[in-house]
Amino acid sequence: MVSLSQKAKQATNMTTLLNIDANAKTVKGQKLGFITAILYLAPYLSSGRNVCPMADIAKCHEGCLNTAGRGGIAKAGALIATDGGMLPDNTIQRARLKRTAMYWDDRTNFIHTLAREIAAFIKKAERLNLTPVIRLNGTSDIQWERGHEVLWNDWVHDSIFEAFPDVQFYDYTKLPARFARELPANYHLTLSNSEASPAYARKVQAAHRKHNASVVSVGSKEMYTAMVAAGGVDGDANDLRFLDPAGSMVWLKAKGKARKDTSGFVIR
């Protein structure tokens, strides 16, 4: 019989869950004293099962960053066939597919492994004299504050946030309903806008009266500078959204496929 901890260790050996300062924007946070770990899953339906429930409405899957940078590079254009379509065949995409399969098929083991990695990440941050911060939805939009209990330190916690109350978690989301409930004190959400659906855009506008929102945009450098100068937040200066003033509108430059997006998700 294999214990839960042994299974978690085996799963961790197969593929780690958290990426630590794996992109240029999160690295910028180190200058401010933070180190960031992000969980990247196979987004939308790319694994065959949807981890981005608002994608059809917001159309964000069309300009998703999943295949930006190294995630979009494949030797000789090799592809992976999945239930959700085709992905570039590289170690990044294969790892994301493995994590997503583990999330759906072995949820208890997945969350226990996640907790173990968070504990190790905290120790790493301490050694580096940096503050650990975590994004659980790097390429997903899962409601981690609901239905994700974790057994940690011999205690069942309602969420990973409760298990690690001294760690700051943050995410972007396209689920306005999440703001209607009381979120954990150590979990900061920024609502991601999209003009692809007028009804959705109205919900974002209503929620933005009390909460921060972000916009992905394409335009000239002068236009972008003007938007920030008018009171917006430069979302590319760093990824530390929990530091933004309350009521902020965060401007993000379109990257990868998003530069050519015409669905309405990217503002032009």
For this session: Check residue 68 against each of (1) over 28 Å from residue 148 (Cα atoms); (2) in contact with a Phe, Trp or Tyr (Cβ under 7 Å, 6 or more places away or on another chain) and name the one condition it does not meet.
Result: (2)
Exercise. Can you tell me which residues in the range 36-50 are among the small types (Gly, Ala, Ser) and closer than 18 Å to residue 60 by Cα?
Worked result: 42, 46, 47, 48
Exercise. Quick one: would you say residue 139 is touching a Cys at 6+ places or on another chain (Cβ under 9 Å), surrounded by 18 or more Cβ atoms within 10 Å (Cβ to Cβ) and closer than 24 Å to residue 71 by Cβ?
Worked result: yes
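Considering each of 242, 169 in turn, give the residue that is crowded, with 19+ Cβ neighbours inside 10 Å and closer than 23 Å to residue 20 by Cα. Quick ask: steps written out before the conclusion?
Details: 242 fails: crowded, with 19+ Cβ neighbours inside 10 Å.
After ruling out the rest, the residue left standing is 169.
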Problem set entry | Which numbered condition residue 158 fails, given (1) under 30 Å from residue 98 (Cβ atoms); (2) at pLDDT below 95 | (2)
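Within 27 Å of residue 65 (Cα to Cα), modelled with pLDDT of 95 or more, assigned to a helix (DSSP H, G or I) and among the aliphatic types (A, V, I, L, M): is that true of residue 118 in this structure? Don't jump to the end; show me each part of the working.
Working: within 27 Å of residue 65 (Cα to Cα): yes; modelled with pLDDT of 95 or more: yes; assigned to a helix (DSSP H, G or I): yes; among the aliphatic types (A, V, I, L, M): yes.
Judged against the criteria, residue 118 is a match.
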For this session: Please give the number of the condition residue 103 fails out of (1) within 15 Å of residue 16 (Cβ to Cβ); (2) assigned to a strand (DSSP E or B).
Result: (2)
For this session: Looking only at the range 10-24, decide whether some residue is modelled with pLDDT of 75 or more, under 20 Å from residue 170 (Cβ atoms) and assigned to a helix (DSSP H, G or I).
Result: yes
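Do we find a residue being in a helix (DSSP H, G or I), closer than 27 Å to residue 167 by Cα and either touching a residue at least 40 places away in the same chain (Cβ under 8 Å) or of a type in the set (D, E, K, R) (or both) anywhere in the range 75-82? Break it down into steps so the answer makes sense when it comes.
Step one: list which residues in the range 75-82 are in a helix (DSSP H, G or I), which gives 75-77.
Still in the running and closer than 27 Å to residue 167 by Cα: none.
Looking through the range 75-82, none of the residues is in a helix (DSSP H, G or I), closer than 27 Å to residue 167 by Cα and either touching a residue at least 40 places away in the same chain (Cβ under 8 Å) or of a type in the set (D, E, K, R) (or both).
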Problem set entry | Filtered residues of the range 161-206 (kept if in contact with a Lys or Arg (Cβ under 7 Å, 6 or more places away or on another chain), among the aliphatic types (A, V, I, L, M) and at pLDDT 90 or above) | 189
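The values are calculated or read from the model by the stated rules, or taken from the named source; none is laboratory data. Remember, predicted model here, so these are calculated numbers, not experimental data. Neighbour counts are summed over all protein chains in view; Cβ atoms, including those assigned to glycine, are modelled from backbone coordinates with ideal geometry.
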